[in-house]
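Please treat every number below as a calculation from the coordinates, not as lab data. None of these values were measured; they are calculated from a predicted model. Glycine also receives a Cβ, built like all others from the backbone with ideal geometry; neighbour counts cover every protein chain displayed.
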Amino acid sequence: MTEKLKTIMAAGLFITLIAFSFPVNTQDNFNSQGKPHKKETVQTPEHKKDNKTYLGNYKTTAYDLSYQSCAKAPSHPAYGITASGASLKGHTRQSAMAIAVDPNHIPLGSKVLLVFSGERAKYNGVYTAVDTGSAIKQNRIDVFFGDHGENVSREAVKFGVSNADVYLLN
């Protein structure tokens, strides 16, 4: 194994360890009486009349198609192929609007509205659940940040770890 590959793998492991060392706040999934949130309608510019089911406030992280995120080089035949069979190869975050989810919580193929706050509000939008990940369990979502070949997406690194209100579109 080359020294460069060892360094890249160590950096990827470090980023993954940091991203998943923060606790998930499950308190936001319940109302003031301790009961799960009920179905509600949310008004957004793009979906003013759509019903949505509030799933809770999920921990969000970022991934791309780099070796550090997916452990596949661009020359690998399965490069960019998601758990649902969709290809993310050649896509940007905006063209794919894809997320990795725990399919026990959000079924693959689902349309999901993510609502971030503050400086991350620019990532608000409707995403499609197309992928899974070994560290994506329960109330966690990994947002796809594009195909940058062998390079790690700077935007994904900057995104880091965040939280978003998650709505399943009905």
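Projecting the Cα atoms of ALA121, PRO103, GLN138 onto the charge dipole of region 98-154 (Cβ charges, centred on the Cα centre) puts ALA121 farthest toward the positive pole. Measuring against 22 Å, Cα to Cα, the residue pairs LYS111/LYS158; LYS89/LYS137; LYS59/LYS111; LYS111/LYS137; LYS122/LYS158; LYS59/LYS158 contain LYS111/LYS158; LYS89/LYS137 as the ones spanning a longer distance. For region 87-153, dividing the convex hull volume of the Cα atoms by the residue count gives 99 Å³ per residue. Taking trypsin sites (Lys or Arg not before Pro) across region 105-163, the ones in a DSSP loop with at most 14 further Cβ atoms lying within 10 angstrom of their Cβ are LYS137.
For region 49-170, a simple Cβ point-charge model (Lys and Arg +1, Asp and Glu -1, everything else neutral) yields a dipole of about 180 debye relative to the Cα centre.
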